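Student: One structure is given below, represented as structure tokens, and several questions about it will come after.
The values are calculated or read from the model by the stated rules, or taken from the named source; none is laboratory data. Values in this document were obtained by computation on a predicted structure and should not be read as measured data. Methodologically, a virtual Cβ is constructed for each residue, glycine included, from the backbone with ideal geometry; neighbour enumeration extends over all protein chains shown.
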């Protein structure tokens, strides 16, 4: 088992791209919406992670534009690769496995808001 965890930004970016290609700002909005504001990346954090993901081959820049006539040509669109999807699926397995190791304990999750 690969136990190396993905960082929160990398994990969230891969999740955002798992079902469609998006440009940077749309990735930021998707993450914020899905996490109900618990994860809110800065543009700097996003593009630093995007560059690492591009270098690793887990995402690629897309030449296709969903609606070119309605789009800003300066936007860069990104899509997940097969390798990126595999890394995301491995991370999901790792997280589920970790949670499974504590199911028989009396530990209950606590929201950071409750701390």
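Student: Counting just the residues of the stretch 94-115 that are surrounded by 10 or more Cβ atoms within 10 Å (Cβ to Cβ) and in contact (Cβ under 8 Å) with a residue 12 or more places away in the chain, which one comes out farthest from residue 18 (Cα to Cα)?
Tutor: In this case the residue turns out to be 97.
Student: Considering only the stretch 1-20, state which residues are assigned to a loop (DSSP other than H, G, I, E, B) and surrounded by fewer than 17 Cβ atoms within 10 Å (Cβ to Cβ).
Tutor: So in the stretch 1-20, the residues assigned to a loop (DSSP other than H, G, I, E, B) come out as 1-7, 18-20.
Of everything in the stretch 1-20, those that are assigned to a loop (DSSP other than H, G, I, E, B) and surrounded by fewer than 17 Cβ atoms within 10 Å (Cβ to Cβ) turn out to be 1, 2, 3, 4, 5, 7, 18, 19, 20.
Student: If you go through the stretch 76-88, how many residues are farther than 11 Å from residue 6 by Cβ and either modelled with pLDDT of 95 or more or loosely packed, with under 14 Cβ neighbours inside 10 Å (or both)?
Tutor: First, the residues of the stretch 76-88 that are farther than 11 Å from residue 6 by Cβ: 76-83, 85-86.
Next, only the ones that are either modelled with pLDDT of 95 or more or loosely packed, with under 14 Cβ neighbours inside 10 Å (or both) stay: 76, 78-83, 85-86.
Number of matching residues: 9.
Student: From the set of residues in the stretch 21-55 that are part of a loop (DSSP other than H, G, I, E, B) and touching a residue at least 40 places away in the same chain (Cβ under 8 Å), which is surrounded by the most Cβ atoms within 10 Å (Cβ to Cβ)?
Tutor: Keep residues of the stretch 21-55 that are part of a loop (DSSP other than H, G, I, E, B), which gives 21, 35-42.
If we keep only those that are touching a residue at least 40 places away in the same chain (Cβ under 8 Å) as well, we get 21, 38.
Working: 21: 19, 38: 12.
Top of the filtered list is 21.
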